[in-house]
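Accompanying notes for the structure given below.
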Amino acid sequence: MRLAYYPLTLHFKSPAGTSRGVMRIKQTYLLKLWDETAPERYGVGEAAVFDGLSKEADGRYEYKLVELLANIALGRSTDLTDWPSIRFGLEQAIRDFSTGGRGLYYPSPFTEGKSEIEINGLVWMGDIDTMMARLEEKIESGFHCIKLKIGALDFRQEMRMLEAIRSRFDAAALEIRVDANGAFTMDNALPALHILSGYEVHSIEQPIKAGQWEMMRFLCDVSRVPIALDEELIGLNRREQKIAMLDTIHPAWIVLKPALCGGFSGAEEWIALAEERGIGWWVTSALECNVGLSALAQWTATLGVKMPQGLGTGQLYTDNFPSPLILDGDRLRFNPAAMGGDRKALNNLDWRE
């Protein structure tokens, strides 16, 4: 077997704002796996590294890819425990290759076009008027669950926006999730959570920065708004680390980004450990291109999810690949007839072997 990689720079259609800053480009890597005796058939995956979040996003990343390429050619294993995005991409490439190299990662009724996944509508940060306009677009498109990025603007303005939303839509009509990306501190987190509770918010992701387990446990114990952990999962790639964090903090929810928490296999371990402890979960994409998004949606569809997931729709970038995913209102569907439509573009890439 052989493996190659291709570094890909994606460009946002509009600047994407979070409390960590504004993104205009996104670096990612594609992986291609094939048998030398039949190179026309290959599997593709996305090693969706996330600069600023992925612990492995440093100057050693491409060296690790080269090591992986060499080991696969030699039939040797590679320790990817602390390289979750590469593990994520390799798992995709293996599954794609094993099903014929057509972009079919997890066959199911979803990939047959017979089922669908409800997703939330993500409203990126911007000024209040821009965010309200984006929110209106999501609601008019049929979304019943909205996720708002908060923490970078004036908090009073953000609360006025929530007040305006709730004046029109109660919690039964519109579920609101907020994501702070660790924007609050212990000095202002409690007052913020108390105010948020007045707007019947479903949950808040990562109110304070990751790594403060005792403080986060305290917030989980006293907050009337259920707390979901996101960045807190990143870098905890061993079972004992995951158990220690969940048992210490015991959040209401965890948010799973397989590219950041150990690939599909690592995310499945998180799910099993969470369910053993009565902790809920949902899946969120991590700004993947359409290669990773398709694989992520196909995997999510096999999990029996019953609540809105945080899956992307491939509409963020100006330069993306054709996708079999279709967004219909707040439902993500799969068009089997469009499967493999990205192969022409993938064939033309200058893969590094």
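Does GLY341 meet the test of being over 17 Å from ASN120 (Cα atoms) and out of contact with any strand residue (DSSP E or B) (no Cβ under 7 Å at 6 or more places or on another chain)?
The answer is yes for GLY341.
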Fill in the blank from the handout: Counting only residues that are among the acidic types (Asp, Glu) and either farther than 22 Å from LEU236 by Cβ or modelled with pLDDT under 95 (or both), the stretch 85-104 contains a total of 1
Exercise for the section: Would you check if there is a residue in the stretch 317-333 being assigned to a loop (DSSP other than H, G, I, E, B), out of contact with any helix residue (DSSP H, G or I) (no Cβ under 8 Å at 6 or more places or on another chain), touching a residue at least 12 places away in the same chain (Cβ under 8 Å) and of a type in the set (Val, Ile, Thr)? Expected result: yes
Practice task
Taking ALA286 as the residue in question, decide whether it is out of contact with any strand residue (DSSP E or B) (no Cβ under 9 Å at 6 or more places or on another chain), buried (at least 21 other Cβ atoms within 10 Å of the Cβ) and within 30 Å of ILE204 (Cβ to Cβ).
Solution key: yes
Practice task
Output the residue which, of all residues in the stretch 138-161 that are surrounded by fewer than 18 Cβ atoms within 10 Å (Cβ to Cβ) and charged (D, E, K, R), is farthest from ASN181 (Cα to Cα).
Solution key: GLU140
Fill in the blank from the handout: Subset of the stretch 262-316, residues within 20 Å of LEU332 (Cα to Cα) and part of a helix (DSSP H, G or I), comes to PHE264, ASN290, VAL291, GLY292, LEU293, SER294, ALA295, LEU296, ALA297, GLN298, TRP299, THR300
Problem - LEU346 vs. criteria closer than 29 Å to SER14 by Cβ, at pLDDT 95 or above and either part of a helix (DSSP H, G or I) or assigned by TED's automatic domain parsing to the domain that holds LYS32 (or both) - result: yes
Handout entry: Residue list for the stretch 31-48, filter: among the small types (Gly, Ala, Ser) and under 31 Å from the mean Cα position of the chain (by Cα)
Key = GLY43, GLY45, ALA47, ALA48
Problem - Residue in the stretch 78-108 that is surrounded by the fewest Cβ atoms within 10 Å (Cβ to Cβ), counting only those that are among the charged types (D, E, K, R) and assigned to a helix (DSSP H, G or I) - result: ARG95
Practice task
Being in contact with a helix residue (DSSP H, G or I) (Cβ under 7 Å, 6 or more places away or on another chain) and either at positive phi or polar (S, T, N, Q) (or both) is the filter here, so list the residues in the stretch 33-74 that pass it.
Solution key: SER54
Handout entry: Unmet criterion (only one of (1) farther than 22 Å from GLU268 by Cα; (2) of a type outside the set (Ser, Thr, Tyr); (3) surrounded by 15 or more Cβ atoms within 10 Å (Cβ to Cβ)) for MET186
Key = (3)
Handout entry: One residue from GLU91, GLU62 being within 29 Å of VAL305 (Cα to Cα), of a type in the set (Asp, Glu) and touching a Pro at 6+ places or on another chain (Cβ under 9 Å)
Key = GLU91
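Do the conditions hold for VAL201, that is, is it at pLDDT 95 or above, in the same structural domain as THR130 (by TED's automatic domain parsing), closer than 20 Å to ILE254 by Cα and over 27 Å from the mean Cα position of the chain (by Cα)?
The answer is no for VAL201.
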Exercise for the section: May I ask you to verify whether ARG177 is of a type in the set (D, E, K, R), crowded, with 20+ Cβ neighbours inside 10 Å and under 20 Å from LEU293 (Cα atoms)? Expected result: no
Practice task
Would you confirm whether any residue within the stretch 118-137 is buried (at least 19 other Cβ atoms within 10 Å of the Cβ), out of contact with any Gly (no Cβ under 6 Å at 6 or more places or on another chain), part of a loop (DSSP other than H, G, I, E, B) and of a type outside the set (Gly, Ala, Ser)?
Solution key: no
Problem - Cross-chain or 6+ apart pairs with Cβ under 8 Å, the stretch 53-76 first and under 25 Å from ASP230 (Cβ atoms), then basic (Lys, Arg) and part of a helix (DSSP H, G or I) - result: GLU56/LYS64
Handout entry: In the stretch 231-241, residue surrounded by the fewest Cβ atoms within 10 Å (Cβ to Cβ) [restricted to those that are among the charged types (D, E, K, R) and in contact with a Gly (Cβ under 9 Å, 6 or more places away or on another chain)]
Key = GLU231
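The values are calculated or read from the model by the stated rules, or taken from the named source; none is laboratory data. Since the structure is predicted, the reported quantities are computational estimates derived from the model, not experimental observations. Note that each Cβ is placed from the backbone with ideal geometry, even for glycine, and that neighbours are counted across all protein chains shown.
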